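Engineer: The structure is given below, and queries will be raised subsequently.
The values are calculated or read from the model by the stated rules, or taken from the named source; none is laboratory data. Please read all numbers here as calculations on a predicted model, not as lab measurements. We place every Cβ from the backbone using ideal geometry, glycine too, and count neighbours over all the protein chains shown.
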Amino acid sequence: MTIILERHTIPDKGKLDISLNISTEIKISAEEARRKVNGFVISNISNLMMGDRQVELVIRERVYWRVIVHHTLPGFGAIGKVGEIDVDVETGKVEEPSAEKIEEMKHRAKALASSCSFT
C-alpha cells in the first residue's frame, strides 16, 4: 500500500524533516472505499469506469483512501486512468469531484477510447 502525504512543502535541496503524529480510526476498509467510488462513478459519471483495486492512503487535513478511476471497455478491460476520488476513512464519505473534474474525466475517457484499436 502506498501512503501519500499531501500539502507539505519539500525543498529542492537541503535537509528535510518530517514528523508525523497521526491518530485516526479506519472505519472504512480500502475495499469498501473502492466499492463506494464504483457506485458513485456508475451513478454519476459512466458505467464504463471503475476503481482500481490498488488503493492509496492519503494524509491531508484528514485521512482518506484514494481510489484511482480507470476507463474500461468491453473486451479490453481497463484501458487507462481518468482520475481519482478520495473517501474519508472515518466517515466513508466520498469526496465528490467538482463538475469540472468530472468533465476532465469524461474527456480523458474519450481520448483513451479513441486511441484503442478495435480491429
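Engineer: Return the residue satisfying two criteria in turn: it lies in the range 78-93 and is touching a helix residue (DSSP H, G or I) at 6+ places or on another chain (Cβ under 8 Å) and in a strand (DSSP E or B), and of such residues it is farthest from MET49 (Cα to Cα).
Structural biologist: That would be VAL87.
Engineer: Need a quick list: strands (runs of 3 or more DSSP E) entirely within the range 1-77 having at least 1 residues that are modelled with pLDDT under 85 and more than 18 Å from MET105 (Cα to Cα).
Structural biologist: 3-5
Engineer: Continuing with this model, one more query. How many of the residues in the range 60-85 are out of contact with any Lys or Arg (no Cβ under 9 Å at 6 or more places or on another chain) and under 17 Å from ILE4 (Cα atoms)?
Structural biologist: So the answer is 4.
Engineer: Anything in the range 12-52 that is among the hydroxyl-bearing types (Ser, Thr, Tyr) and closer than 19 Å to VAL94 by Cβ? List them, or say none.
Structural biologist: Correct list: THR24, SER29, SER43, SER46.
Engineer: Just the residues that are in contact with a strand residue (DSSP E or B) (Cβ under 7 Å, 6 or more places away or on another chain) and of a type outside the set (A, V, I, L, M, F, W, C), please, taken from the range 64-76.
Structural biologist: Looking only at the range 64-76, we keep the residues that are in contact with a strand residue (DSSP E or B) (Cβ under 7 Å, 6 or more places away or on another chain), and these are 64-73.
Within the range 64-76, TYR64, ARG66, HIS70, HIS71, THR72 qualify.
Engineer: Okay, next question. So which residues in the range 59-93 are in contact (Cβ under 8 Å) with a residue 60 or more places away in the chain and crowded, with 21+ Cβ neighbours inside 10 Å?
Structural biologist: Answer for the range 59-93, where residues must be in contact (Cβ under 8 Å) with a residue 60 or more places away in the chain and crowded, with 21+ Cβ neighbours inside 10 Å: ARG66, VAL89.
Engineer: Can you name the number of the only condition in (1) in contact with a strand residue (DSSP E or B) (Cβ under 9 Å, 6 or more places away or on another chain); (2) of a type in the set (D, E, K, R); (3) closer than 21 Å to GLU25 by Cβ that GLU61 fails?
Structural biologist: So GLU61 meets the others, but not (1).
Engineer: Working only within the range 94-119, note down all residues that are assigned to a loop (DSSP other than H, G, I, E, B), exposed (fewer than 11 other Cβ atoms within 10 Å of the Cβ) and hydrophobic (A, V, I, L, M, F, W, C).
Structural biologist: PHE118
Engineer: Let me confirm something: among GLU31, GLU56, which residue is surrounded by 11 or more Cβ atoms within 10 Å (Cβ to Cβ), in contact with a Lys or Arg (Cβ under 9 Å, 6 or more places away or on another chain) and more than 21 Å from GLU6 (Cβ to Cβ)?
Structural biologist: Only one candidate passes the filter, namely GLU31.
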